[in-house]
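To keep things clear, I will list the structure first and then write my remarks on it.
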2 protein chains.
Amino acid sequence: MPAMYDASVTTITRALTNLIHVLEKAAAHAEAKKIEPAVLVNARLYPDMFPLAKQVQIASDVAKIGTARLAQAEPPKYEDNEATFPELVERLRKTIAYLKTLKAEQFDDGTRMVTFPTQGESKTWPGSRYLFQRVLPNVFFHCATGYNVLRHNGVEIGKADFLGPLE
Amino acid sequence: MPAMYDASVTTITRALTNLIHVLEKAAAHAEAKKIEPAVLVNARLYPDMFPLAKQVQIASDVAKIGTARLAQAEPPKYEDNEATFPELVERLRKTIAYLKTLKAEQFDDGTRMVTFPTQGESKTWPGSRYLFQRVLPNVFFHCATGYNVLRHNGVEIGKADFLGPLE
């Protein structure tokens, strides 16, 4: 059923596409203001929070692992070695390219059970619950936190950049 | 069709419930550390960003207006005068109580068109697109930004607080 495909693959592809746009604005901001890009890539909102690079990597991980579970597919593994804006953008492009390989027919109506590890234990939920209560909140959490790290550091972005264009 | 109901009402109710939990942790943190609660309620990540209180109010607005549009209902109007943690929590509780008044039968399969104003113009989209590309990202954006304002100010919260308990 295409509904679960759209709710997951289409929604998350858009979220990651918007995050690429935000990262590109940040890279341009760093260049214009002569800020060392690594300062932004390694920025965080609190000392024991993950820096921007890790926020992007986790958004990518949740996106590919979450959709793969729903599609009963095997997600690719990435190295988590991105250290620059172009590398982070490339990580997201690779993730989007993987999402594009998933076919609507691999998704069901959301009733198929999905088993996932979390906080040291394993849970088995209907796919729709897994998507709406874990995958989407988790993807948006890391996209928004990455956005907030950059916003806090003076990059000129607004919610419209996060939500994306309205065709 | 219950799918759109669950994807909107159930998902957003959970997001707002988790935000209440985060606000209650922040209020307890302020009390324990003898921090004036208004400092946190008015905190922001950058001078031209909305403070925490406004993040919560907008999360509430998007939640009630977005779900009401999908259900072809009339959402309540609130005053936007919350200035304390208990008032912000009450705002979210009122919003959740409103969401509970919406019935699954008021929702369709996501194909019904929805017209909404945005950035000075009006758009008409299928309900499923409106939900997945505007309402959910927007709700999670403000919930995550509220969370990040508090995290940045030293409140001891983690992603598990944002994502909520795993029953």
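The values are calculated or read from the model by the stated rules, or taken from the named source; none is laboratory data. Quick caveat, the model's predicted, so the values are computed rather than measured. For neighbour counting, all protein chains shown are included, and Cβ atoms are generated from backbone atoms with ideal geometry for every residue, glycine included. Keep in mind that these areas ignore ligands, DNA and RNA; they rest on the heavy atoms of the full protein, side chains included. Shrake-Rupley method; radii C 1.70, N 1.55, O 1.52, S 1.80 Å.
At a glance:
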| quantity | calculated |
| --- | --- |
| Label-zone membership for the range A:97-127, site A:Gln72, 7 angstrom Cα→C-beta point, backbone N under 16 Å | A:102-116, A:125-127 |
| Pseudo-label separations to other copies for B:Lys100 - Cα-to-Cβ vector, 7 Å, nm | 4.6 |
| Shape call, the range B:47-167: gyration tensor on alpha carbons, a/c limit 1.5 | prolate |
| In order through the range B:146-152: 3J(HN,Hα) via Karplus (6.51 cos²θ - 1.76 cosθ + 1.60), integer Hz, x for Gly, Pro | x, 4, 5, 4, 6, 4, 5 |
| B:Met49 accessible area, 1.4 Å probe, all protein chains in place, Å² to nearest 10 | 10 Å² |
| Protein heavy-atom accessible area occluded, B/A pair - total, 1.4 Å probe, Å² | 3700 Å² |
| Residues in the range B:84-133 that, when all protein chains are in place, have 50 Å² or more less accessible area than the chain alone would give (probe 1.4 Å) | B:Phe132, B:Gln133 |
| Folded to 0 to 90 degrees: helix B:11-32 orientation relative to chain B principal axis, Cα | 10 degrees |
| Choice from A:Val39, A:Val62, A:Val135 showing the highest fluctuation, given a GNM over chain A with Cα pairs closer than 10 Å | A:Val39 |
| Accessible surface, chain A, averaged per residue in Å² (probe 1.4 Å) | 43 Å² |
| Carbon/sulfur fraction of accessible area - chain B, other protein chains in place, 1.4 Å, % | 55 percent |
| Per-residue HN-Hα couplings for the range A:116-122 [Karplus 6.51, -1.76, 1.60; θ = phi - 60°; Hz; x = Gly/Pro] | 9, x, 7, 6, x, 10, 10 |
| Inter-site label distance for B:Thr17 and A:Ala32 at 7 Å from Cα along Cβ, in nm | 4.4 nm |
| DSSP-loop trypsin sites (Lys or Arg not before Pro) across the range A:1-100, with at most 12 other Cβ within 10 angstrom | A:Lys33, A:Lys34, A:Lys77 |
| Local electrostatic count at A:Lys64 - Lys and Arg +1, Asp and Glu -1, tallied over other residues with Cβ under 12 Å | +3 |
| Gyration tensor (alpha-carbon) shape descriptor, the range A:106-166, a/c threshold 1.5 | oblate |
| Occluded residues from the range B:18-57, i.e. those whose accessible area drops by 10 Å² or more once the chain is not alone (1.4 Å probe) | B:Leu45, B:Tyr46, B:Asp48, B:Met49 |
| Net charge, B:Gly110 excluded, C-beta distance under 10 Å - Lys, Arg +1, Asp, Glu -1 | -1 |
| Amide H contacts under 5 Å for B:Lys123, placed H, 5+ residues apart | B:Phe116, B:Thr118 |
| In Hz, Karplus ³J(HN,Hα) per residue of the range A:77-86 (6.51, -1.76, 1.60; θ = phi - 60°; x = Gly, Pro) | 9, 10, 7, 6, 10, 6, 9, 9, 4, x |
| 15 Å beta-carbon shell around A:Leu166, net charge (K/R +1, D/E -1) | +2 |
| Leading residue at positive end of dipole, the range A:1-62 (Cβ point charges), from A:Tyr46, A:Ala7, A:Gln57 | A:Tyr46 |
| Centroid-to-centroid separation of the range A:39-60 and the range B:35-70 [C-alpha atoms, Å] | 23 Å |
| Label geometry 7 Å along the beta-carbon vector: A:Thr124 inter-copy distances in nm | 4.7 |
| Shape of the protein assembly as shown, Cα gyration tensor, a/c cut at 1.5 | rounded |
| Expected 222 nm ellipticity per residue - DSSP helices of 4 or more, -39500 (n - 2.57), all of chain A, to 500 | -17500 deg cm²/dmol |
